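Down below is the structure, laid out as structure tokens.
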Amino acid sequence: MNKVTVKIDGMMCGMCESHVNDAIRRAFPVKKVTSSHAKGEAVILTETDIREEALRTALAPTGYRVLEVRTEEYKKKGLLGLLKGNR
């Protein structure tokens, strides 16, 4: 599973977070997406690869600007993550 962190410019409130989350869910098959206007980012958990250009295209109609995209392997934390890692 991949964790994609997207730095976003222009989010000012909870409704902005909702618009970003909805746009991402419509465009990509994600397991989970959360946004924070305070941090200026969205975090996506997905089993598929999401290209930066595709993210920019999906978010362009919302009026928010993608500043940076980082992708890394996602590993669950805590006891369940440890148990799954030992298989």
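For region 1-13, name all the residues that are buried (at least 20 other Cβ atoms within 10 Å of the Cβ) and closer than 24 Å to LYS77 by Cα.
Step one: filter region 1-13 for residues buried (at least 20 other Cβ atoms within 10 Å of the Cβ), giving 4, 6, 8, 11.
Answer for region 1-13, where residues must be buried (at least 20 other Cβ atoms within 10 Å of the Cβ) and closer than 24 Å to LYS77 by Cα: VAL4, VAL6.
Can you name every residue in region 14-25 that is under 21 Å from GLU73 (Cα atoms) and either of a type in the set (Asp, Glu) or surrounded by fewer than 15 Cβ atoms within 10 Å (Cβ to Cβ) (or both)?
Start the filter on region 14-25 by keeping residues that are under 21 Å from GLU73 (Cα atoms), which leaves 21, 24-25.
ARG25 - this is the single residue of region 14-25 that is under 21 Å from GLU73 (Cα atoms) and either of a type in the set (Asp, Glu) or surrounded by fewer than 15 Cβ atoms within 10 Å (Cβ to Cβ) (or both).
How many residues are in contact with a Lys or Arg (Cβ under 9 Å, 6 or more places away or on another chain) and crowded, with 17+ Cβ neighbours inside 10 Å if we restrict to region 41-50? Reasoning before the result, please.
Pass one, region 41-50, residues in contact with a Lys or Arg (Cβ under 9 Å, 6 or more places away or on another chain): 41-47.
Filter once more, keeping what is crowded, with 17+ Cβ neighbours inside 10 Å: 41-42, 44, 46.
Adding up the residues that qualify gives 4.
Within region 26-38, can one find any residue that is loosely packed, with under 15 Cβ neighbours inside 10 Å, in a helix (DSSP H, G or I) and at pLDDT 95 or above? Yes, the conditions are met somewhere in region 26-38.
Residue count for region 46-60 under the criterion of being under 11 Å from the mean Cα position of the chain (by Cα) and in a loop (DSSP other than H, G, I, E, B): the result is 1. Residue pairs whose Cβ atoms lie under 7 Å apart, sitting 6 or more positions apart in sequence or on different chains, and linking a residue in region 53-76 that is buried (at least 18 other Cβ atoms within 10 Å of the Cβ) to a partner that is small (Gly, Ala, Ser), are ALA58/ALA23; ALA58/ALA27; LEU59/ALA23; TYR64/GLY10.
Test GLY85 against the stated conditions and say whether it is more than 11 Å from the chain's Cα centre (by Cα), more than 16 Å from VAL4 (Cα to Cα) and either modelled with pLDDT of 95 or more or loosely packed, with under 12 Cβ neighbours inside 10 Å (or both). Step through it out loud before you land on a result.
On the way: more than 11 Å from the chain's Cα centre (by Cα): yes; more than 16 Å from VAL4 (Cα to Cα): yes; either modelled with pLDDT of 95 or more or loosely packed, with under 12 Cβ neighbours inside 10 Å (or both): yes.
Taking the combined requirement at face value, the residue satisfies it.
The values are calculated or read from the model by the stated rules, or taken from the named source; none is laboratory data. The structure displayed is predicted, hence computed values, not measured ones. Ideal geometry is used to build each Cβ from the backbone, glycine not excepted, and the neighbour counts take in all protein chains shown.
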